[in-house]
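Written out below as structure tokens is the structure these notes cover.
The values are calculated or read from the model by the stated rules, or taken from the named source; none is laboratory data. Bear in mind the structure is a predicted one, so any value in this text is a computation, not a measurement. Every residue, glycine as well, gets a Cβ built from its backbone with ideal geometry; the counts of neighbours run over all protein chains shown. These area figures cover heavy atoms from the full protein model, side chains too; ligands, DNA and RNA do not enter into them. Shrake-Rupley method; radii C 1.70, N 1.55, O 1.52, S 1.80 Å.
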Amino acid sequence: MIQLVPRQATSTAWQVATPVLAVLATMVAGGLLFAAMGHEPVAAIRTIFWDPLFGPAASYSRPQLLVKAAPLILIASGLAIGFRAGIWNIGAEGQYIIGGITGGAVALAAYPADGPWIFPAMVLAGMAGGWAWGMIPALLRNWFGASEILVSLMLVYVAQRVAAWMAFGPMRNPEGFGMPGSRNLQQYPAAANPELISGTGAHWGVVAAAVAVLATWFLMSRHIRGFHIRAAGTAPRAARFAGVNPATLVAFCLGLSGALAGAAGLFEVAGPAGQITDTLGTGYGFTAIIVAFLGRLHPVGILLAGLLLALTYIGGELAQLTMQLPAASVQVFQGMLLFFLLGFDLLTRFQIRRRVLA
Amino acid sequence: MMIDPLSVFLLLLSAATPILFAALGELVAERAGVLNLGVEGMMITGALAGFAAAHGTGNPFLGFLVAAVAGAAISLLFSALTQLFLANQVASGLALTLFGLGLTAMFGKPFEGVKAPAMPTGPLRINWIVWLGLIMVPLIWWFLNRSRAGLILRGVGENHDAAHALGYDVRLTRVTAVAFGGAMAGVGGAYVSIASVLQWTEGMTAGAGWIALAIVVFSNWTAPGVLAGAWLFGGVTVLQLRLQAAGVQVPVQLLSMAPYLATIIVLVLISARQKFSRRAGGAAPGSLGQNFHALR
């Protein structure tokens, strides 16, 4: 018989090893799935994980890595802080959409003015929009005890409809020949979020993601607020006796993750997407949850996990083009990854021993 | 605008059915102490599997049967993670939802644009699955409150250590309850694809699974409460569709927010009542969301 013995403290070695194991297991299971669907498994895995970086078309796909990784890292950095404290914001997708709309609204209101203040004002408005959307579940939890999981998730569906309303109604491009969608901000230099260094894919969102990684590392390991968050997550009662106010933490964590998701939405609207459309939300807010877990809720881990999941997006697109793999296979891949990760996580908290029969 | 109350009620019954099935299933799982946030993933799995079977065989009832099996089968992934590998239930449920949405998007492509076989209407112009949902309410109430198995299930949910000490198999009870929840969610999802929309589209359950989770809270963990919540939701949906059809001067996108906003409002009202009542957290099972690990 096998017996699970709880560890005194979580194993640091396994903390690092399990995400790697989970990725390898996902590759194997994904390969088996592709084989079952009649695709060459090794070629499929190579197309997804190797070709975007080193394959024949790498010069095109490599810059895409940062474009896709930036929103994931930005959102996941915020989510991880809440997850550490046991505060589950799973509506980042909604905060991302609202941030894109409020930030984009500033640009549309300023059009066609010119000035260096426009883009920073958009970023601030995007963060404020995401923050406000995140504060709804925070306040409803603090005042009435409503589950922030369900409220934040419901608000994703509301945000999607706000985006559709904006794209078909108030924010529709007046010169767009009746097509839904706002003006294209890429063609409005004062509001655009362009590639900063040609060939790298780096736009302001990438800079923001890098800053977010550093700032959240500082917050969690050097600041008293980070200590409170970690304390509240591991021992809520002890934290309360030590004077940590749970309501403040809920507002802080949901507000911060909302603001970061809102910023990510704005950088997307002003950059790669270019406009506010009804399909503004593309799932970054949900994938970022996987990034946060895969990165072990640690800033450096999130950086690596964000790059890896960005790779699966690009590799998935490549595999769709070259191997006719279904577009949704990336989603399946990401779901499997989270399954394996949660499963292997057992090893960080328990020792597996053979039970000696007495 | 003429509104025939009977036809509105029939529409309400139909709109409430997917949520009713999913919420009843989740109710049983939560009473056993398991918080499964994968309802949306199990519903969408049932929606596709049921639609595929109904389309393939031409028999809608076979579709619902397959949907129940598929929902229960995919719930085993969640059970394996939480009961065997002792993973966090919130994260595992989310994983199930994300995986289910991805899996169905991948395998659903060939079924896009195909029509479902016709559903025969049952007694009183109400289709058989709606009837089945209504019958499940007293059945589940009876099971939870009057049967011996239901008592054990509630015991496991209230205090898993005590139930274990009495010699009951906590894990087996929970896996079974979650599988039942999966089967019910699968049927609820299949109702959307087979009986309501009559075709398959990606992500077509559109948050119904999450609304079902909110309704379990609203019900204060009772079967009649789930029925009330599902009807309330059905009423809001029908009202919203009626207003759209009547050409009210409000953008369609804003009207279609109604079910989600109503869910939030209801959740807030009920949470406030539970928060300020004598027993904090309402009638939520004592061990809800906690994993069980027997040291002896």
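Listing for the model above:
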{"read-out": "Cut-off 17 Å, label 7 Å out along Cα→Cβ of B:Gln290, residues of the stretch B:68-107 by amide N", "value": "B:83, B:86-90"}
{"read-out": "Residues in the stretch B:129-153 that a label on B:Ala283 would reach, taking backbone N under 18 Å of a point 7 Å out along Cα→Cβ", "value": "B:136-153"}
{"read-out": "The stretch B:79-204: Rg to Rh, with Rh as the Kirkwood radius over Cα pairs", "value": "1.06"}
{"read-out": "Coarse-grained scattering of chain B at q = 0.07, 0.08 Å⁻¹, given as base-10 log I(q)/I(0) from a Debye sum over alpha-carbon atoms", "value": "-0.26, -0.34"}
{"read-out": "Rough spin-label spacing in nm, given labels placed 7 Å along Cα→Cβ, for A:Thr12 and A:Glu40", "value": "4.5 nm"}
{"read-out": "Net dipole in debye of the stretch B:5-276 [+1 Lys, Arg Cβ; -1 Asp, Glu Cβ; about Cα centre; nearest 20]", "value": "400 debye"}
{"read-out": "Computed lengthening from B:Leu6 to B:Phe276, 0.36 nm per intervening residue step minus Cα-Cα distance", "value": "93.4 nm"}
{"read-out": "Loop chymotrypsin sites (Phe, Trp or Tyr not before Pro), the stretch B:1-61 (other Cβ atoms within 10 Å of the site Cβ: 10 or fewer; DSSP)", "value": "none"}
{"read-out": "Rounded D (µm²/s) - the stretch A:61-130, Kirkwood Rh over Cα pairs, Stokes-Einstein at 20 °C, 1.002 mPa s", "value": "157 µm²/s"}
{"read-out": "Gained length - B:Arg125 relative to B:Leu198, 0.36 nm times residue gap less alpha-carbon distance", "value": "24.5 nm"}
{"read-out": "Among B:Val114, B:Val175, B:Val266, residue whose mean-square fluctuation peaks in a GNM of chain B (springs only between Cα atoms under 10 Å)", "value": "B:Val114"}
{"read-out": "Separation in nanometres of the label points that stand 7 Å from Cα toward Cβ, at B:Asp169 and A:Met323", "value": "4.1 nm"}
{"read-out": "Per-selection Rg to Rh, the stretch A:149-245 - Cα, Kirkwood hydrodynamic radius", "value": "1.18"}
{"read-out": "Around A:Pro71: net Lys/Arg minus Asp/Glu count, Cβ-Cβ under 14 Å", "value": "-1"}
{"read-out": "Counted charge near A:Leu318, where neighbours are those whose Cβ lies closer than 15 Å (Asp, Glu -1; Lys, Arg +1)", "value": "0"}
{"read-out": "Choice from A:Leu214, A:Leu254, A:Leu79 showing the highest fluctuation, given a GNM over chain A with Cα pairs closer than 10 Å", "value": "A:Leu214"}
{"read-out": "Diffusion coefficient, µm² s⁻¹, Stokes-Einstein with Kirkwood Rh over alpha-carbon pairs of the protein assembly as shown at 4 °C and 1.567 mPa s", "value": "51 µm²/s"}
{"read-out": "Kirkwood-based Rg to Rh ratio, the stretch A:274-358, C-alpha trace", "value": "1.15"}
{"read-out": "Surface accessible to a 1.4 Å probe, per residue, for the residues of the stretch A:40-324, Å²", "value": "40 Å²"}
{"read-out": "Convex hull per residue volume in Å³, alpha carbons only, for the stretch A:185-308", "value": "130 Å³"}
{"read-out": "Values of log10 I(q)/I(0), in the order q = 0.12 Å⁻¹, for chain A under a Debye, Cα-only, solvent-free model", "value": "-0.92"}
{"read-out": "Rounded percent of accessible protein surface that carbon and sulfur make up, the protein assembly as shown, 1.4 Å probe", "value": "68 percent"}
{"read-out": "Residues with amide H under 5 Å from that of B:Trp200, placed H, sequence gap 5 or more", "value": "B:Gly113, B:Val114"}
{"read-out": "By accessible area with a 1.4 Å probe, ligands and nucleic acids excluded, highest first: order of A:Arg62, A:Arg230", "value": "A:Arg62, A:Arg230"}
{"read-out": "Angle in degrees between helix B:148-158 and the longest Cα principal axis of chain B, rounded to the nearest 10", "value": "80 degrees"}
{"read-out": "Accessible area buried at the B-A interface, both sides summed, 1.4 Å probe (Å², nearest 100)", "value": "3900 Å²"}
{"read-out": "Solvent-accessible heavy-atom area per residue, rounded to whole Å², over the stretch B:5-276 at 1.4 Å", "value": "37 Å²"}
{"read-out": "Accessible area of B:Thr173 in the full protein assembly, 1.4 Å probe (Å², nearest 10)", "value": "30 Å²"}
{"read-out": "GNM result for chain B, Cα springs below 10 Å: residue of B:Phe85, B:Phe233, B:Phe180 fluctuating most strongly", "value": "B:Phe85"}
